[in-house]
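Written out below as structure tokens is the structure these notes cover.
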Amino acid sequence: MTGIIDYAALAIAVLIALGITTALMRAHRDDNHRRGWITAGYLAAALISIGLADLVVAPRHEIPGATVLVGAMLPVLGAVGMIRATRRVRPWVRWLMVFGTAFALLFGGLLIGATVPSHLLPF
């Protein structure tokens, strides 16, 4: 019997969101914005390269490359925005808010990337 929820994909999404949260929160400690933006760039580049490698290995190319770009950039930029917006919030609440933002925007970014940019971009 198959279920509605793909637990492997959900676990991978939780790990990706947790990785985004941990890397960016550690980079933004002591309000070092330069280090935070550099980390965000490396993190987005790593997620894009993992996604593109997954597309290349896939037997059929059903997913456009724009999905990977938007799906990787949106959670990283959203998490940076949440970190910058919650400087005065307690640390444990801040961690939860950044994780929730990264997790929700991971799925939202993949959905948005699969619909809008795939029709506008040639790849």
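The values are calculated or read from the model by the stated rules, or taken from the named source; none is laboratory data. Quantities reported herein were computed from a predicted structural model and do not represent experimental measurements. Reconstructed Cβ throughout: ideal geometry from the backbone, glycine too, with neighbour counts over all protein chains shown.
With the structure loaded, tell me whether residue 102 is under 17 Å from the mean Cα position of the chain (by Cα), modelled with pLDDT of 95 or more and either part of a helix (DSSP H, G or I) or exposed (fewer than 15 other Cβ atoms within 10 Å of the Cβ) (or both) or whether it fails that test. Yes: the conditions hold for residue 102. If we scan the range 29-39, do we find a residue that is surrounded by 18 or more Cβ atoms within 10 Å (Cβ to Cβ) and without any contact (Cβ under 8 Å) to a residue 60 or more places away in the chain? Within the range 29-39, one or more residues are surrounded by 18 or more Cβ atoms within 10 Å (Cβ to Cβ) and without any contact (Cβ under 8 Å) to a residue 60 or more places away in the chain. Looking only at residues of the range 86-99 that are assigned to a loop (DSSP other than H, G, I, E, B) and in contact with a helix residue (DSSP H, G or I) (Cβ under 8 Å, 6 or more places away or on another chain), we find that the one that is surrounded by the most Cβ atoms within 10 Å (Cβ to Cβ) is 86.
Total residues in the range 8-47 satisfying the condition of being modelled with pLDDT under 90 and either touching a strand residue (DSSP E or B) at 6+ places or on another chain (Cβ under 7 Å) or not aliphatic (A, V, I, L, M) (or both): the figure is 5. May I ask you to verify whether residue 110 is in a helix (DSSP H, G or I), aliphatic (A, V, I, L, M), within 20 Å of residue 11 (Cα to Cα) and in contact with a Ser or Thr (Cβ under 7 Å, 6 or more places away or on another chain)? Spelling it out, residue 110 is indeed in a helix (DSSP H, G or I), aliphatic (A, V, I, L, M), within 20 Å of residue 11 (Cα to Cα) and in contact with a Ser or Thr (Cβ under 7 Å, 6 or more places away or on another chain).
Does residue 42 satisfy the condition of being more than 22 Å from residue 120 (Cα to Cα) and surrounded by 12 or more Cβ atoms within 10 Å (Cβ to Cβ)? Yes: the conditions hold for residue 42. Residue 71 satisfies every condition listed in (1) closer than 15 Å to residue 21 by Cβ; (2) surrounded by 14 or more Cβ atoms within 10 Å (Cβ to Cβ); (3) small (Gly, Ala, Ser) except (1). Candidates in the range 48-66 are the residues that are surrounded by 17 or more Cβ atoms within 10 Å (Cβ to Cβ) and part of a helix (DSSP H, G or I); of these, the one that is modelled with the lowest pLDDT is 65. Residue 108 meets all of the listed conditions (1) surrounded by fewer than 18 Cβ atoms within 10 Å (Cβ to Cβ); (2) at pLDDT 95 or above; (3) touching a helix residue (DSSP H, G or I) at 6+ places or on another chain (Cβ under 7 Å) but one, namely (2).
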